[in-house]
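Step one of this worksheet: look at the structure below.
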């Protein structure tokens with residue numbers, strides 16, 4: 001079941017995931033690609049972070065004789081934990097037009113913008129019908145900030161121009 005911090009319950013976040021008992025993940029893509037070379041273990045379709053971490057631990061046991069793979073798995077698990085502290089995530093309302101295409105957003109719906117205190121940059125929007133974040137436009141007229149504990153949403157929408165935001169994201 002998707003974990004929703006108490007202070008975020010009023011926003012009706014992740015209704016699909018809550019209904020279907022699934023968790024959402026932000027994850028370090030580059031590190032996932034490195035791990036995929038060894039084991040191919042994506043953070044999709046898990047009921048909780050704990051379930052995913054148990055799976056990672058099982059895989060780590062199988063690779064205990066391979067120090068490089070074991071270190072990548074340890075680092076990946078640590079990064080997943082750091083990146084998925086939802087109390088640090090921004091909560092925003094999408095105010096743009098509804099887009100019914102795949103990966104579209106719904107006008108008036110609240111979304112998570114995952115971030116962390118130690119790396120408060122825009123990593124995308126959690127799309128409730130997928131389990132990871134995706135990059136969407138961050139134009140001022142498309143979003144209303146509801147909660148922003150790290151200031152990332154404000155910085156992304158009002159301070160950073162798009163070119164610099166995308167450079168940070170992909171470097």
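Any read-out appearing in this document is the output of simple, stated calculations on the displayed coordinates, not a laboratory observation. The model shown is predicted, which means the values in this text are computed figures rather than measured ones. Glycine gets a Cβ as well: all are built from the backbone with ideal geometry, and neighbour counts include every protein chain shown.
Listed values, structure above:
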item: Mean ellipticity per residue at 222 nm, deg cm²/dmol - from DSSP H runs of n ≥ 4 across the chain, formula -39500 (n - 2.57); result: -10000 deg cm²/dmol
item: Tensor-based shape of region 8-122 (alpha-carbon gyration tensor, a/c under 1.5 rounded, otherwise prolate or oblate); result: prolate
item: Projected area, mean over directions - region 29-83, Cα convex hull, nm²; result: 3.5
item: Part-to-part distance (alpha-carbon centres) for region 1-46 and region 133-150, which is given in Å; result: 19
item: Ranked packing of 44-51, 95-102, most packed first, by mean Cβ within 10 Å; result: 44-51, 95-102
item: Folded to 0 to 90 degrees: helix 67-83 orientation relative to the chain principal axis, Cα; result: 30
item: Cα-based helix-to-principal-axis angle, 49-62 vs the chain, degrees rounded to 10; result: 30
